[in-house]
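Participant: The structure follows.
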Amino acid sequence: MTETKQLGRIDADALATLFTDARTANTFAPTPVTDDELAAVWEIAQWPPTAANTQPLRVLYIRTDEGRARLLSHLNEGNVEKTRSAPAVAVLAVDTRFHEHLPTVLPFRPELKDVFAENDAMREHTGSFNSALQAGYFILAVRAVGLAAGPMAGFDKAALDADFFPDGRWKSILVVNIGHPGEDPWFDRLPRLGTGNAVGWA
């Protein structure tokens, strides 16, 4: 008889850190965020699943004053001060040619590289869905290393892409401010839909 593997459950503190107490930060303390901490975020975020292990998400960390100034020029006005205060910022993007890596990341089906290359609609859908999925993993990974995340979609994507990704291969999907919470960092918690409104049974 095959023994059933028992999966562990995270404890209450971890659950609170990742989910129930986690909030989107709107202000950040001046405490530095190290390159090692940012590297650790990706070391965690790379592991959860994507369809056919495609892994289309790419991350650009903004670390220099020059890079930050360029980024601020592409943000919606209401997001500028949030990003200005964040010690580090990640631009999350989809690699539109993610399929070129399939022989490496899916070695038992290398022919899928050509399948995606020949089907623009399938490639775009797979990249869009799975990079968004990975963006969620990335936010959880930021929290897992003890940092606060401030994800934002309010920016001029076309202008940002022209500035930071001029070859057109990467396309931005989200900007994530990263750091330690500052003064009054959270808005009031908004309601969530309960089981009765969000869950069905069949």
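Participant: Return the total of residues in the stretch 81-97 being of a type in the set (A, V, I, L, M) and open to solvent by 10 Å² or more (accessible area, probe 1.4 Å).
Facilitator: 1
Participant: Given the structure, is residue 96 among the β-branched types (Val, Ile, Thr) and in contact with a Gly (Cβ under 8 Å, 6 or more places away or on another chain)?
Facilitator: For residue 96, the condition - among the β-branched types (Val, Ile, Thr) and in contact with a Gly (Cβ under 8 Å, 6 or more places away or on another chain) - is met.
Participant: Considering only the stretch 58-80, how many residues are of a type in the set (A, V, I, L, M), over 19 Å from residue 170 (Cβ atoms) and open to solvent by 40 Å² or more (accessible area, probe 1.4 Å)?
Facilitator: Number of matching residues: 1.
Participant: To continue, here is another question. Any residue at all in the stretch 182-193 that is among the aliphatic types (A, V, I, L, M), in a strand (DSSP E or B) and closer than 17 Å to residue 24 by Cα?
Facilitator: Within the stretch 182-193, not a single residue is among the aliphatic types (A, V, I, L, M), in a strand (DSSP E or B) and closer than 17 Å to residue 24 by Cα.
Participant: Provide a single number: the residues in the stretch 157-188 that are among the polar types (S, T, N, Q) and in contact with a Gly (Cβ under 7 Å, 6 or more places away or on another chain).
Facilitator: Step one: of the stretch 157-188, the residues among the polar types (S, T, N, Q) are 172, 177.
Those left that are additionally in contact with a Gly (Cβ under 7 Å, 6 or more places away or on another chain): 177.
Looking only at that region, the number is 1.
Per-residue answers, yes or no, for (1) at pLDDT below 95; (2) in contact with a Ser or Thr (Cβ under 7 Å, 6 or more places away or on another chain); (3) open to solvent by less than 50 Å² (accessible area, probe 1.4 Å):
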residue: 1; (1), (2), (3): yes, no, no
residue: 7; (1), (2), (3): yes, no, no
residue: 11; (1), (2), (3): no, no, no
residue: 28; (1), (2), (3): no, yes, yes
residue: 32; (1), (2), (3): no, no, no
residue: 45; (1), (2), (3): no, no, yes
residue: 56; (1), (2), (3): no, yes, yes
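The values are calculated or read from the model by the stated rules, or taken from the named source; none is laboratory data. Bear in mind that the values here come from a model prediction, so they are computed numbers and not experimental data. Heads up, the Cβs are rebuilt from the backbone with ideal geometry, glycines too, and the neighbour counts pull from every protein chain shown. Accessible surface areas use protein heavy atoms only, side chains included; no ligands, DNA or RNA. Shrake-Rupley method; radii C 1.70, N 1.55, O 1.52, S 1.80 Å.
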